[in-house]
Amino acid sequence: MKCLLIFPPQWIPFNPHLAPAAIQGILSEQGHSVDYADLNISFYNSVLTPNFIGKSIERAFNIYNQNIVNVKKVREQKENLKEFPVDFQRIYLRFKELEKINANKQFVSETISNLPAAVNIVRDKEQFYNPYNADKAFTVIKNATDILSSLYYPSKINFLNITAQSSYDIEELKFTCADKEGNLFYTYYEMILPQLLKSNPEFIGISLGDYTQLIPALTLAMMLKKMTKAHVSIGGNLFGRYTDVLINNPEFFSLFADSIIYNEGEKPISELVKQLEGKVKIEDVPNLIYVKDNQVKINKEQEPMKISELPQPDFTHFPLNLYYTPEVIFNIQTSRNCYWKKCTFCTHHHGSKYGIKTVDKVINDIKRLQEKFNAKYFHFVDEAMSPAYLKKLSEKIIEEGIDMKFYIYGRLEKEFTSDIFELAYKAGLRLVMWGFESANERIYTLMNKGELTSSESRRKILLDAYNAGVWNHLFIMFAFPSESLEEAKETVDFLRDNRNIASHSTGGKFVLLEDAPILKNLKKYYITKVEKFRSGFSFAHKFETSRGMSDEEFKELEKYKVEQWRMNELKCRNSWFREKLFLYVCKYGTQNITKMKDEIWL
Ligand code: SF4
């Protein structure tokens, strides 16, 4: 069967995503003809051009002129905007954005003319490693995405800090996806879909990894449903969280997709293709959500394929020279789900079971990627790699004489010793992204991150890694339920005092997610009320606590961060992303990274 797999925007455009490569591997192995389109990278390459932005400006101002009478009416008569139809409200707010563009014509024209050079710099093997050039280039790109976001308000385009697009209410999603003027993705798909569909695929799978892809993916699915007779299916573990929403929404399927595959998709997708060939009954396709006799049906979930049985991801059709870094960093996986699974805020374990690949299999994957693509840089996407596995993997890499550099995610535990870091460094480990979360002992304990509750015990591990030549990057979380201002400041102080051995994410605010273990024992976390959103695909719940920071204190914390972290400077950084950090550590080494930290905004 002719299959087309699509990875939609928006996702970070720095390397090929693993999920579609894995599905492509499965379908190819079964003898299907499989095309793959990384529309995420194609999207950025199409819209980040002077031609596209120039045309978008012209188009936006034409619409502005057509609506000028109503705009004046709102302004002059000071009528309440809310009394106008929703589509006009959006037009009006977009015009406010356009006025900003009008007032900054020189900035806009400079950004547009500097854009092609900026894109070349970030892909250039020498210029990328000059922190000033790289920062300047990424700033131009960031300004270009801001301009596009204004022209297509409420679309939000962002290269590095991708945020959600709008509300996840189903009615609002329907409106946003079909809003030709305010949905940049609609304009982009109109440009590229005729060419993409020329091969007449019979099955189209859209791989949806995160909320940031929800509107672009649904817009795409909606347009494909109108333009092709192919079976359109959306996969990814996002929808596994919303079966209760989907069961009452047959309209979702007539508008957006013929079917949804929830949770792990490898086995279901191959069964679905067999079903389309008439070889299997639809009721027997596992993990499938679809409509039959006007009713939404949800087929049973089946045990997923073991990670060690999966064929090698197939990157053959990926546009490896079009990502926005000078080196391709290949995503690779040794395990599925997390071996710890106990952190009380975490929902990463939703929809998949823990499984691990043997070291020999992983080494085989690495060797094949090296033979085929001359791959040198690797990102192990596992939720967390255990110290024991890192040791075994490193020994094997050294034994086989493989020349590679890699980075991993880790949970701070005492088994990460200096011996392991020294061994792993020899094997090519250069960066660990740690779930550090909080320096405060009480909060860390409430999070159930593990036995190293004191920040000093965790600092020892960071220091051992650093001394072995491995850079540390810490993920931080603020405003965990019941966290006081003083407790939060303790984390800020820790980060400030350890800047020489670790960088950190700027510290997101805690979000109460559906399925988070916290929901099972609210009292323990001083949560007095939870307001669950179940009207659409919302992902966070509102909650109240009897203990913790007030809004005023949270503002004070932000101020404290500014003072202690020089956050103004950090906010200005447009060129921080983990792939760049990794490549810089590979190039310069941890000691030099410490010296360069002000230049590269660590
Ligand atoms: S936060 Fe990380 S270590 Fe903790 S359960 Fe989630 S994936 Fe595992």
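The values are calculated or read from the model by the stated rules, or taken from the named source; none is laboratory data. In this text, all values refer to a predicted model and were calculated from it rather than measured experimentally. Here the Cβ positions follow ideal geometry from the backbone for every residue, glycine too, while neighbour counts run over all protein chains shown.
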- Quick one: how many residues across segment 228-251 are in contact with a Lys or Arg (Cβ under 7 Å, 6 or more places away or on another chain) and either modelled with pLDDT of 95 or more or assigned to a loop (DSSP other than H, G, I, E, B) (or both)? 1
- Taking first residues from segment 493-513 that are small (Gly, Ala, Ser) and second residues anywhere that are in a loop (DSSP other than H, G, I, E, B) and surrounded by 15 or more Cβ atoms within 10 Å (Cβ to Cβ), the pairs with Cβ under 8 Å that are 6 or more apart or on different chains are SER503/LEU602
- Task: For LYS372, indicate whether it is in contact with a helix residue (DSSP H, G or I) (Cβ under 7 Å, 6 or more places away or on another chain) and either more than 16 Å from the ligand (Cβ to nearest atom) or in contact (Cβ under 8 Å) with a residue 12 or more places away in the chain (or both).
- Result: no
- Note on the structure: When (1) closer than 18 Å to ALA230 by Cα; (2) touching a strand residue (DSSP E or B) at 6+ places or on another chain (Cβ under 9 Å) are applied to LYS274, the one that fails is (2)
- Collect the residues in segment 304-320 that are surrounded by fewer than 18 Cβ atoms within 10 Å (Cβ to Cβ) and touching a helix residue (DSSP H, G or I) at 6+ places or on another chain (Cβ under 8 Å), keeping them in residue-number order. SER308, PRO311, GLN312, THR316, HIS317, PRO319, LEU320
- Odd one out for SER254, checked against (1) of a type outside the set (A, V, I, L, M); (2) within 16 Å of the ligand (Cβ to nearest atom); (3) part of a helix (DSSP H, G or I): (2)
- Task: Go through segment 1-98 and tell me which helices (runs of 4 or more DSSP H), entirely inside it, have 2 or more residues that are more than 29 Å from the chain's Cα centre (by Cα) and surrounded by fewer than 22 Cβ atoms within 10 Å (Cβ to Cβ).
- Result: 50-66, 68-76
- Any chance LYS391 is basic (Lys, Arg) and free of Cβ contacts under 8 Å to residues at least 60 places away in the same chain: yes
- Item | Conditions (1) surrounded by 22 or more Cβ atoms within 10 Å (Cβ to Cβ); (2) part of a helix (DSSP H, G or I); number of the one not met by PRO481 | (2)
- In segment 409-438, residue nearest to the chain's Cα centre (by Cα) [restricted to those that are more than 16 Å from the ligand (Cβ to nearest atom) and closer than 14 Å to SER503 by Cα]: LEU431
- Query: Taking LEU214, is it more than 29 Å from GLY31 (Cα to Cα), in the same structural domain as GLN10 (by TED's automatic domain parsing) and not basic (Lys, Arg)?
  - Reply: yes
- Query: How many of the residues in segment 494-529 are within 14 Å of GLN564 (Cβ to Cβ) and either among the basic types (Lys, Arg) or loosely packed, with under 14 Cβ neighbours inside 10 Å (or both)?
  - Reply: 3
- Message: Checking the structure you have, find out if any residue of segment 382-405 is under 29 Å from the mean Cα position of the chain (by Cα), closer than 18 Å to ALA502 by Cα and either outside the structural domain of PHE494 (by TED's automatic domain parsing) or more than 16 Å from the ligand (Cβ to nearest atom) (or both).
- Response: no
- Message: Based on this model, can you work out whether LYS306 counts as over 25 Å from ARG368 (Cα atoms) and either of a type in the set (Lys, Arg) or within 16 Å of the ligand (Cβ to nearest atom) (or both)?
- Response: no
- Query: Of all residues in segment 401-458, how many are among the aliphatic types (A, V, I, L, M) and touching a strand residue (DSSP E or B) at 6+ places or on another chain (Cβ under 7 Å)?
  - Reply: 8
- Query: Quick check, is LEU322 away from the ligand (no atom under 16 Å from the Cβ), touching a residue at least 60 places away in the same chain (Cβ under 8 Å) and over 19 Å from the mean Cα position of the chain (by Cα)?
  - Reply: no
- Answer yes if at least one residue in segment 328-346 is among the aliphatic types (A, V, I, L, M), within 16 Å of the ligand (Cβ to nearest atom) and part of a strand (DSSP E or B), and no otherwise. no
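For segment 520-534, give me each residue that is in a helix (DSSP H, G or I) and at pLDDT 95 or above.
Passing the criteria: LEU522, LYS523, LYS524, TYR525.
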- Message: Quick check on segment 350-368. Is at least one of its residues closer than 20 Å to CYS586 by Cα, within 16 Å of the ligand (Cβ to nearest atom) and touching a helix residue (DSSP H, G or I) at 6+ places or on another chain (Cβ under 7 Å)?
- Response: no
